[in-house]
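See below for the structure under consideration.
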Amino acid sequence: MIKFSEIKKSLWVSLWFMFLTFPVMVIRVNTIENVIEWRWENMIFIGVGSFLFSFVWRYLLKQKEYGLKRAEEGGDIRPSLAQRILRDRKIFAPALTVVGIFALLFPYVFSLYQTNIMISALIFVMLGLGLNIVVGLAGLLDLGYVAFYAVGAYAYALLNYHFGLSFWILLPVGGALGMLFGILLGFPVLRLRGDYLAIVTLGFGEIIRLILENWNEFSFGPSGISNIPRPSFFGMSLSVHDSTIFIYYIMIALCIFTIFVVNRLQDSRIGRAWIALREDEVACQAMGIDKAKTKLTAFALGATWAGMGGVMFAAKTTFVNPASFTIWESIIILCIVVLGGMGSVVGVIIGALILILLPEYLRAFSEYRMLMFGILLVVMMVFRPGGIVSDVRRIYKFEGSGGAGKDA
Amino acid sequence: MPSLEHPVILDVRGLGMNFGGLRALDNVDIDVREKEIVALIGPNGAGKTTFFNCITGLYEPTDGEVIISPPGRKSEKINGLKPNIVTAKGLSRTFQNIRLFQNMTVLENVMIGRHCRTSSGIVGAILKGPATRSEEKAIVRDSYAILEKIGLDESVNEFAKNLPYGEQRRLEIARALATEPFLLLLDEPAAGMNPQETLELDDLIRRIRDEESISILLIEHDMKLVMSLSDRIFVVDYGRKIAQGAPGEIKNNPAVIKAYLGEDVDA
Ligand SMILES: Nc1ncnc2c1ncn2[C@@H]1O[C@H](COP(=O)(O)OP(=O)(O)OP(=O)(O)O)[C@@H](O)[C@H]1O
Ligand SMILES: [Mg+2]
């Protein structure tokens, strides 16, 4: 039964929305004929749409409250669908196989255009996983992450331009330079946390971009560097088509490598120290963890992936200029981590694929891209503040102990 | 009860701490002997927590000396050292306002305590060779053993934030024990516990002293617990030490009664 008060509430919502969007959605000035068009039909759409939407919204909110209450009463806390899939080997193994086969066949099934988009998405998967170490695990809000991405890209472009070094040498060099810059940024911000850290890292990112933009002798300024070679295949250079596919497979391999490393780190002594640092800095130190060292390793390791991602980006586009490394990129990567689920590897992968692929395939709505981004984030924060797949901690089993062996 | 022949393991001399114009601690002398349970009491705002923060390295004391003499090792001055170094030297603490790692499991909280007694690094974690594996196994085993002793082994995989309040306090003790201290500092361990839990805590603290040979310095407002547990008691008020002695002496000390005026001391 739908109560009258509910209908009244929704009516108010829809009236309010019609009023708010009236200037944008209804009035249009036709500059050719110099008349004002009144598009009343839009108002009807919005009215009906928001009326119905408010019902759905309140229903979902109620569901969420119900869930919270159950959790508080100590009743069974149902793990989310994603968590259940991750935990249950019977579902997880086949799912992984399907995803694996799909990933391997992708370039042969889909067009070159699609493959290129997928490469971008994979680069962002890698960046997301790297930033996840810094933000998701260690809890250090880094808004200048794109700087390390730029370091990697320019490392490949410049070292190749000046010294003719090959992709395969420069891929690890890019990672190492990223790490070096991570440590360079890490030192001055050791004492900062939260908002202060965010602002300093934001500044750092902008400084790197401004240097690249203005130091013409070094980085060729805003015009950037073009004709960067694609990776060679055992010394052979490939056609554009083949090398795109080759880059795709390199990216797949790098992503698997990243996932492997991040997974290992997460459940290691260092990984736990990062999480402890995120949870409570004071207690973390009081338990014998060196705060400075732990922060620096997080910055350094996070930046390493960004450096390698940058090299891949330069190799893929064969062109770098400062416009590719704006604060906007940092924010997208941060959104990937937050949306996917801080600290969760699978979550970050899903987040990256959604945030990079959706805008590509929804080109028709590209005007509304920012709007949809905003709505998506708000909805997420209201209904799933932990992200799509919230952080799952490892379950340890012990023999001969009652409750310990249970699988949650 | 340990006699006065036991060696002093913590010797704090003339400790002072200023916060701007506020003198939170003034010339405080406190010592703890091996296998002793010592209580530090005083009215709210007396400077007890500040005292803990000064000797565990969270604050750097303005003046005075903190000297430790761990059993079987040389004495050394530890004021001004970073908190993690102090912990590595064998002083471990709990917090008045619980500071657990909320989104980690109970077991992981204790595993963090093992951090300073283990050594595998990044490369070890990635390659996961035999040394790292066996160290990791040892961390899990030791942490679990501690939880069994504290009585939290039923909830190893629970998130720390989901534990009842009393158990959270016990988990803080377990985490502190995992760092292998020779002296355990407890900041109001019974706060928020019901009488039954307080009784169990009394027993637990005794067991830690007797079975693990760990000395204990505790801050507590629950006078019944303090009187029952402590070998000696120190009383501070407005940052100054106003009395010290055995529970019986403290109970009847006029200065203490005056400091606590209005508070229930004969419980
Ligand atoms: N970081 C700080 N900066 C400034 N003043 C502080 C700081 N920490 C403590 N103080 C002040 O020092 C005094 C002693 O505080 P402290 O927390 O040590 O009291 P306490 O004895 O632990 O009290 P309680 O029993 O309420 O826990 C108080 O007046 C407090 O306001
Ligand atoms: Mg206190």
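Results, tabulated for the structure shown:
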quantity	calculated
Enumerated helices (runs of 4 or more DSSP H) restricted to the range A:173-278, each holding at least 3 residues that are touching a residue at least 60 places away in the same chain (Cβ under 8 Å)	A:194-214, A:240-266
Selected residue (criterion: nearest to ligand 1 (Cβ to nearest atom)) from residues of the range B:223-244 that are within 18 Å of the chain's Cα centre (by Cα) and under 16 Å from B:ALA46 (Cβ atoms)	B:VAL236
Some residue of the range B:175-185 being more than 16 Å from B:ILE9 (Cα to Cα), acidic (Asp, Glu) and in contact with a helix residue (DSSP H, G or I) (Cβ under 9 Å, 6 or more places away or on another chain)	no
Scan of the range B:28-44 for residues that are without any contact (Cβ under 8 Å) to a residue 40 or more places away in the chain and near ligand 1 (Cβ under 9 Å from one of its atoms), ordered by number	B:ASN44
Residues within the range A:248-270 that are open to solvent by less than 30 Å² (accessible area, probe 1.4 Å) and more than 7 Å from chain B (Cβ to nearest Cβ), tallied	9
Those residues of the range B:89-107 which are touching a residue at least 60 places away in the same chain (Cβ under 8 Å) and either in a loop (DSSP other than H, G, I, E, B) or over 13 Å from the mean Cα position of the chain (by Cα) (or both), in sequence order	B:GLY90, B:THR94, B:PHE95, B:GLN96, B:ILE98, B:ARG99, B:LEU100, B:VAL106
Residue check, B:LEU177 within 16 Å of ligand 1 (Cβ to nearest atom) and in contact (Cβ under 8 Å) with a residue 60 or more places away in the chain	no
Lone unmet requirement of (1) more than 16 Å from ligand 2 (Cβ to nearest atom); (2) surrounded by 20 or more Cβ atoms within 10 Å (Cβ to Cβ) for B:ARG93	(1)
Test: residue in the range B:151-159 that is part of a helix (DSSP H, G or I), within 11 Å of chain A (Cβ to nearest Cβ) and in contact (Cβ under 8 Å) with a residue 12 or more places away in the chain	yes
Residue in the range B:23-37 that is in contact with a Gly (Cβ under 8 Å, 6 or more places away or on another chain), within 15 Å of ligand 2 (Cβ to nearest atom), open to solvent by 10 Å² or more (accessible area, probe 1.4 Å) and assigned to a strand (DSSP E or B) present	yes
Residue check for B:SER213: touching a helix residue (DSSP H, G or I) at 6+ places or on another chain (Cβ under 9 Å), open to solvent by 10 Å² or more (accessible area, probe 1.4 Å), within 17 Å of B:LYS35 (Cα to Cα) and among the small types (Gly, Ala, Ser)	no
Given (1) open to solvent by 10 Å² or more (accessible area, probe 1.4 Å); (2) in a strand (DSSP E or B), number of the condition B:LEU58 does not satisfy	(2)
Matching option when the condition is at the interface with another protein chain (Cβ under 8 Å from one of its Cβ atoms) and not aromatic (Phe, Trp, Tyr), among B:LYS128, B:LYS89	B:LYS128
Residue check for B:ILE98: open to solvent by 20 Å² or more (accessible area, probe 1.4 Å) and within 13 Å of chain A (Cβ to nearest Cβ)	yes
The range B:178-204, residues that are more than 16 Å from B:LEU163 (Cβ to Cβ), more than 16 Å from ligand 2 (Cβ to nearest atom) and not acidic (Asp, Glu)	B:ALA178, B:THR179, B:PRO181, B:PHE182, B:LEU183, B:LEU184, B:PRO195, B:GLN196, B:THR198, B:LEU199
Test: residue in the range A:272-281 that is within 23 Å of A:VAL125 (Cα to Cα), within 14 Å of chain B (Cβ to nearest Cβ), open to solvent by 50 Å² or more (accessible area, probe 1.4 Å) and under 21 Å from the mean Cα position of the chain (by Cα)	yes
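Quick grid of which residues meet (1) more than 14 Å from every other protein chain (Cβ to nearest Cβ); (2) in a helix (DSSP H, G or I); (3) at pLDDT 90 or above:
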position: B:ARG170; (1), (2), (3): yes, yes, yes
position: B:GLY192; (1), (2), (3): yes, no, no
position: B:ASP202; (1), (2), (3): yes, yes, yes
position: B:GLU211; (1), (2), (3): yes, yes, yes
position: B:ILE216; (1), (2), (3): yes, no, yes
position: B:ILE242; (1), (2), (3): yes, no, yes
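Quick grid of which residues meet (1) away from ligand 1 (no atom under 16 Å from the Cβ); (2) assigned to a loop (DSSP other than H, G, I, E, B); (3) open to solvent by 30 Å² or more (accessible area, probe 1.4 Å):
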| site | (1), (2), (3) |
| --- | --- |
| B:ALA46 | no, yes, no |
| B:PHE52 | no, no, no |
| B:LYS74 | yes, yes, yes |
| B:ILE85 | yes, no, yes |
| B:ASN109 | yes, no, no |
| B:SER119 | yes, yes, yes |
| B:THR132 | yes, no, no |
| B:ASP142 | yes, no, yes |
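The values are calculated or read from the model by the stated rules, or taken from the named source; none is laboratory data. Since we're looking at a predicted model, the values are computed, not measured. Counting neighbours? That spans all protein chains shown, and the Cβs are built from the backbone with ideal geometry, glycine included. With ligands, DNA and RNA removed, areas are computed over all heavy atoms of the protein, side chains included. Shrake-Rupley method; radii C 1.70, N 1.55, O 1.52, S 1.80 Å.
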